Amino acid sequence: MKRYLVIPAILVLAGLFSFVPATTWQKYTSTEGRYSISFPGKPEESSDTDKSEDGTPFKIHFATYAPSDSEVFMTGWIDMTNFYPKDGSLKQMLENSRDGATKSMQASKVETTAINLGDKPYIEFTFVSEQFTGKDRIYLINKFQYSIITIFSLSTGIPPVADQFIASFKLI
């Protein structure tokens, strides 16, 4: 009888010790962007150019990890030194950044979940479009704009890993 109990116990212990987390978090550092963040996999870097409202060209830097068609983890940053608005409140600038981001994603539902106007000002919000949902936090710090965004399929919804990713952002 004891022999029959030993085999299940060994299988349970083997299962516990052989468990490997599905996600291997990797610290990503952007020296030029002055930040670090932990991605749930190895991100790819890219950049794009755009123009501010007054026509000043600027570069947008991205680090993106997309393990599947139904989930994306991304950071983006812009050095706004050459076109940082002289007028307008910090809150309004954060709200404008949120509105621009959600408009570009054609989000139909946007909910602001937090606004912090303290030492590291940010706005955090969730969004829903026809094809996906997600969560974004946009910081405005020392004339740099940082966006930490997660996107998931509508069927998945926003899992807790989105908050883990966003919370891992650190200035360096």
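Listing for the model above:
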read-out: Criterion (within 19 Å of the chain's Cα centre (by Cα) and either surrounded by fewer than 17 Cβ atoms within 10 Å (Cβ to Cβ) or closer than 20 Å to Ile172 by Cα (or both)) met by exactly one of Glu44, Glu124; value: Glu44
read-out: Residues satisfying the stated conditions in the stretch 147-165, i.e. touching a Lys or Arg at 6+ places or on another chain (Cβ under 8 Å) and closer than 16 Å to Ser30 by Cβ; value: Ser147, Ile148, Ile149
read-out: Condition broken by Tyr65, with the remaining ones in (1) on the phi < 0 side of the Ramachandran plot; (2) surrounded by fewer than 12 Cβ atoms within 10 Å (Cβ to Cβ) satisfied; value: (2)
read-out: Members of the stretch 84-114 found to be charged (D, E, K, R), closer than 14 Å to Gly134 by Cβ and either out of contact with any strand residue (DSSP E or B) (no Cβ under 6 Å at 6 or more places or on another chain) or surrounded by fewer than 19 Cβ atoms within 10 Å (Cβ to Cβ) (or both), listed by number; value: Lys109, Glu111
read-out: So Thr81, is it at pLDDT below 95, touching a strand residue (DSSP E or B) at 6+ places or on another chain (Cβ under 9 Å) and not in a strand (DSSP E or B); value: yes
read-out: Answer from Ser38, Ser52 - the residue that is surrounded by 10 or more Cβ atoms within 10 Å (Cβ to Cβ), closer than 25 Å to Phe144 by Cβ and at pLDDT 95 or above; value: Ser38
read-out: Number of the exception - Thr24 against (1) more than 19 Å from Thr150 (Cβ to Cβ); (2) at pLDDT below 95; value: (1)
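The values are calculated or read from the model by the stated rules, or taken from the named source; none is laboratory data. On a predicted model such as this, the values are computed, not experimentally measured, just so you know. Cβ coordinates were reconstructed from backbone atoms using ideal geometry, including for glycine residues, and neighbour counts include every protein chain displayed.
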